[in-house]
Amino acid sequence: MLIRIIYVSKAVGPQTTTMTNAILQKSQAWNQANDITGVLCQGQGVFLQALEGERRTVTDLYARIHADQRHTNVEMLHCESIVKRRYANWSMAHVSLSDVDPETTIDWPEFDPYGITGLLVMARIDDLLASGTVIQSRTP
Ligand SMILES: Cc1cc2nc3c(=O)[nH]c(=O)nc-3n(C[C@H](O)[C@H](O)[C@H](O)COP(=O)(O)O)c2cc1C
């Protein structure tokens, strides 16, 4: 049974390129080997991640990510059973919220992922992906 979850968290310390690359490298390799797909939006002190895959696998991965010391205030925004993957093309797409186009950056301060529903957050993630702001991805 497939599920999709979305969570938000706050980075501990600055979100350096080194840290981001380390997370992405690990994520893309592990996720690809374990049939996990998704997207990681990162920037302005926040992580926003969607994960899709077998329920058991996603549950275990989320527990590991939750315990990761590189972020805190991890809050589950959304969890649903799915028939079809939304992010099937990416073992872990990466959207950098600092690199998005000016219009999107202007919108961002009003966008508080802690204060809105997971479905709205998912729509926002889809907007970011559709506007071509994916800067790193790998097909599973
Ligand atoms: C924001 C964030 C997102 C992460 N996403 C993933 C992911 O999608 N897949 C993954 O395998 N690890 C991910 N990690 C790394 C895990 O938290 C963890 O470091 C990794 O699974 C290794 O776990 P271990 O040290 O217990 O073996 C992420 C970490 C952070 C901080």
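The values are calculated or read from the model by the stated rules, or taken from the named source; none is laboratory data. Every value quoted in this text rests on a predicted model; they were computed, and no experiment measured them. Please note: Cβ atoms are built from the backbone with ideal geometry, for glycine as well, and neighbour counts cover all protein chains shown.
Taking the stretch 34-126 as the region of interest, the strands (runs of 3 or more DSSP E) fully inside it that hold 1 or more residues being closer than 26 Å to residue 22 by Cβ, among the β-branched types (Val, Ile, Thr) and modelled with pLDDT under 85 are 93-96. Evaluate the following for residue 64: is it farther than 25 Å from residue 115 by Cβ and within 9 Å of the ligand (Cβ to nearest atom)? The answer is yes for residue 64.
Selection over the stretch 29-47 of residues that are more than 8 Å from the ligand (Cβ to nearest atom) and either surrounded by 19 or more Cβ atoms within 10 Å (Cβ to Cβ) or among the aromatic types (Phe, Trp, Tyr) (or both) gives a count of 4. Scanning the stretch 8-28 for residues that are closer than 22 Å to residue 129 by Cα, in a helix (DSSP H, G or I) and more than 10 Å from the ligand (Cβ to nearest atom) yields a total of 2.
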